[in-house]
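Peer 1: For reference, the structure I am asking about is given below.
The values are calculated or read from the model by the stated rules, or taken from the named source; none is laboratory data. Please read these numbers as outputs of a predicted model, since none were measured by experiment. We place every Cβ from the backbone using ideal geometry, glycine too, and count neighbours over all the protein chains shown.
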Amino acid sequence: MQNLKRILANTSLFRMLDERQLDEVTTATQPIRATTNTCVINQGDAPKGVYVVVYGQVKIGFDRKDGSEKTLAILGQNKCFGLGEMLLDRAHLAFVKTTTDSMLVHTTREKILEVAKDNFGFAQELMVCVGRQLYTLTRDIESYSLQTAKQRLAGYLLRQSQYQAGDTVELIASKTLVASRLSLTPETLSRLLHDFSSEGLITVMGRRIKILDYERLGALLSA
């Protein structure tokens, strides 16, 4: 129990709780250890609380009629999911599956709402999480609707460079999964990476991509 409490205290979602509240949340939290490709949430499941990724990675997506998947998000350490469905008390519209061996924690809806009433900082963090997810969704809709495949990839590489704080970007998942996230086929992603490399914009070393020309890569977004 103490180990679980320490884990929760180190997450961005629960770090502002006082000792009493952290103890209460710990009693309402269940650790989940899952192997690769474990389905954590199915489409249509009732919302039961909030999940946080302690380590590992999950993907959120839909099953297509042709048997393929559309990836909406790829979440790693310290990211939460299930929050919007929990607050609205609506069924999950997408599945959540692990992409690697992972540890998650799940806290019940009742305890989340109870603590949020007493702790404004915690309630504010819940709003920040929902706002961040809405912002990302809006940006994605804009990207799919208005940008070419080349622009979507350029934008993705530039954002990852900012997140990872360097000119060498490591793809956060397999190329197939990243392609689905960008609404590209794996073949299109491979072709675009080859084209960018041939044009001197990047160099590709497996899943590591070094950005060589930020100015020209950024110019693609306004082309």
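Peer 1: Conditions: (1) loosely packed, with under 14 Cβ neighbours inside 10 Å; (2) closer than 30 Å to L220 by Cα; (3) of a type in the set (S, T, N, Q). S143 meets all but one. Number of the miss?
Peer 2: Failing condition for S143: (1).
Peer 1: Any idea which of (1) in contact with a helix residue (DSSP H, G or I) (Cβ under 8 Å, 6 or more places away or on another chain); (2) touching a residue at least 60 places away in the same chain (Cβ under 8 Å); (3) not assigned by TED's automatic domain parsing to the domain that holds I202 is the one T108 doesn't satisfy?
Peer 2: Tallying (1) in contact with a helix residue (DSSP H, G or I) (Cβ under 8 Å, 6 or more places away or on another chain); (2) touching a residue at least 60 places away in the same chain (Cβ under 8 Å); (3) not assigned by TED's automatic domain parsing to the domain that holds I202, T108 fails exactly one: (1).
Peer 1: Just to confirm my filter: which helices (runs of 4 or more DSSP H) fall fully inside the stretch 108-223 and include at least 1 residues that are within 30 Å of Q30 (Cα to Cα)?
Peer 2: Result: 109-118, 120-146, 149-164, 175-181.
Peer 1: Out of L201, L189, L182, L153, which single residue is in contact with a strand residue (DSSP E or B) (Cβ under 8 Å, 6 or more places away or on another chain) and crowded, with 16+ Cβ neighbours inside 10 Å?
Peer 2: The conditions single out L201.
Peer 1: Can you tell me which of (1) polar (S, T, N, Q); (2) closer than 27 Å to R139 by Cβ; (3) modelled with pLDDT of 95 or more is the one T27 doesn't meet?
Peer 2: (2)
Peer 1: Here's a follow-up. Filter the stretch 70-92 for residues that are in contact (Cβ under 8 Å) with a residue 60 or more places away in the chain and either buried (at least 17 other Cβ atoms within 10 Å of the Cβ) or among the β-branched types (V, I, T) (or both); which is farthest from L177 (Cα to Cα)?
Peer 2: C80
Peer 1: Would you check if there is a residue in the stretch 204-215 being of a type in the set (S, T, Y), loosely packed, with under 14 Cβ neighbours inside 10 Å and over 21 Å from G61 (Cβ atoms)?
Peer 2: Looking for residues that are of a type in the set (S, T, Y), loosely packed, with under 14 Cβ neighbours inside 10 Å and over 21 Å from G61 (Cβ atoms), one finds at least one in the stretch 204-215, hence yes.
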